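Reading through the C-alpha cells given below for one structure.
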Amino acid sequence: MTAPTPAGTGLRMGTARGRWVLLATVLGSGVAMLDATVVNVALERIGSDLDADFSGLQWTVNAYTLTLAALILLGGSLSDRYGRRRIFVVGVCWFAAASLLCGLAPNIGTLVAARALQGIGGALLTPGSLAIISASFSGPDRAAAVGAWSGLSGVAAAVGPFVGGWLVEWSWRAVFLINLPLAALVVLVAVRHVPESRDPAAAPRLDWAGTLLVVTGLGALTYALTAAGETGAGASTWLWGATGLAALAAFVAVELRSRHPLVPPTLFADRQFSATNAVTLFVYAALGALFVLLVLHLQVVSGFSPLLAGTALLPVTVLMLLFSARVGALAQRIGPRALLTGGPLVAAAGVLLMLRIGPDASYLLDVLPAAVLFGAGLTLLVAPLTATVLDSAADRYAGVASGVNNAVARAAGLLAVAVVPVAAGLGGADYSDPEVFADGFRTAMLILAGLLLVGALVAAAYVRRPLGDAGPETPARPSGAGRMRIEECLHCPVTGPAVHPPDEAPAPEPRPASS
C-alpha cells in the first residue's frame, strides 16, 4: 500500500504507471456500467425463470438504482476523507460479493436484496473512479487521462449490450457472475499500482442524517409507486407515499440547517443550476423508463432475441461517441439554451417513432430509425447539460454540483421505472402477454415523450446564460480554473453525467462534501 499522495502529483500519460491507473479506473467504472446496461436485457429471462411478476422486475432495476442514487454523494465524501483508492477498492469488493449473491439468487426477493447491495458497492466505487484520475494526473496529462476515461467508458457502454445479450442467451446468472473475475483484476491492479490520495479540505463530519433521510424518502416513495401498480392506491400505499414525501421534506430542512450538508443549499440559489437539474429530472426519467420498457417490448412483443434486443439502442452510444465533443464545442460558442431545448424535442420525436414497433417488427425499418433519431436528440443534449451544471456552480462546489446532478439523474430514472408502468397500466404478469404489454407500451411512450417535452420547455424558459458567464449568484472565475472542458465531462447517457470533475481548484475553506 502506498502512502497518501497529494492531488495531482503528476503521473504521466503513456507511462506504465499511468496506464495501470487508467486500467483500474476504467475497468472499475465499466463493471458498474455493464450491469446498468445488461440487466435490462436479462429481465424477461429473470421473470420467467424466477416466476416473478412485473413489480419484481421493476425492483430488480430499482433496488440497484435506489441505493446508488441515495448513497453516491456519501460515497464521494467517504473517498475524499478516508482515501480514494481505499474506498474504491472496498466498493469493487462489495460490488463483486453482491454480484455473486445475484448470480446465485434462488428467488426474486433474494435477487432484489442483492441488487440493493450492488448499488451500495456502486455508490462507493463510482465517485472514486474519476476522482482517482483527478488526484493522480495533473495539467495536460489530467485532461488527456479524463478524455481517455470518457472514451473508454463509452466503449464499455457500447460493448455491454453485445456481451449481455450473449450471456443471457446462455444464462441470465452469467450477467452477474462475469463481474467476479473483472473485479478481482481491478482490485489487484488498484492495490499494486494506484496511488492513494485524500482531500485535505474534506468535510470534518459526514452528513449521516441527510443520507438516512434521502434513503428513506426515495425508498418509501418508490415502494408506494410500485405497489400502486399491483394493489392499487390503498391506505398502506398512501401511507408509504406520505412517509417518503415527509422524509424528503425533512432532508431539505436538515440540509438548510447543517454545517456540513450533503447538498449545499447555496447551489440552488443559482437559477440556471436549478433549471438545469430540473431538465435533468425530466429527461433522465424518460431515459430510465425507456431503456427498461423498450428492451422488454422487443423481446415480448416483437420476438427479438436478447442479443438483438440489447443492441437496439447501440446507435445512441455510437452517435454520442462520434459527435458529443463537437456538440460541446458548439454549446460553448452559441450557449446551451438552444441545444437543451432542441435535444429533448428531437429525442421525443424518436420516442414517438417507437410507436411503430410492434409484432414482427423489422430492426432496420422500425427500430433503427427511431433509435437514430432518439440518439441524435441525446447527443445534442447530454454534453451541454453536464457542462451547464458545472458552469453554474462556484469552483469550490464543482465536485458536489456534479454529484448532485448525477444523483438527480439516477433518482429520476428510479421514480420513472416505478411510476410510468403504473400510469401505462402495466403490472402483474403483463410482461408475458404480448397484446397487453403492447397496449401499455404505447401509452408509456406517449408519457415519455411528454416528459421530454416538459424538459425542453423548462430549458427554453429558464436556461439563459451562456457558458462561462457568471451569474449574479456565481462569482466570476478565470477561464479554465477548476473547470472541465465539455468534451472531458462526457459519460454514457445510461448512467448519468460525470460524477466527479477532473480539475478542482483548491478551496480556501473546507468543502461540505465532494463526490
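Data table
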| quantity | calculated |
| --- | --- |
| Condition broken by Leu101, with the remaining ones in (1) without any contact (Cβ under 8 Å) to a residue 40 or more places away in the chain; (2) assigned to a helix (DSSP H, G or I); (3) within 30 Å of Val146 (Cα to Cα) satisfied | (3) |
| Test result for Thr67, more than 19 Å from Leu293 (Cα to Cα), polar (S, T, N, Q) and within 18 Å of the chain's Cα centre (by Cα) | yes |
| Any hit, the stretch 233-252, residues being in a loop (DSSP other than H, G, I, E, B) and in contact with a helix residue (DSSP H, G or I) (Cβ under 6 Å, 6 or more places away or on another chain) | no |
| Residue in the stretch 287-297 that is more than 19 Å from Thr65 (Cα to Cα) and in contact (Cβ under 8 Å) with a residue 12 or more places away in the chain present | yes |
| Some residue of the stretch 316-330 being closer than 15 Å to Ala449 by Cα, under 21 Å from the mean Cα position of the chain (by Cα) and not assigned by TED's automatic domain parsing to the domain that holds Pro161 | no |
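The values are calculated or read from the model by the stated rules, or taken from the named source; none is laboratory data. Predicted model, so just to flag it, every value in this text is computed and none were measured. All Cβ positions, glycine included, derive from the backbone under ideal geometry; neighbour counts span all protein chains shown.
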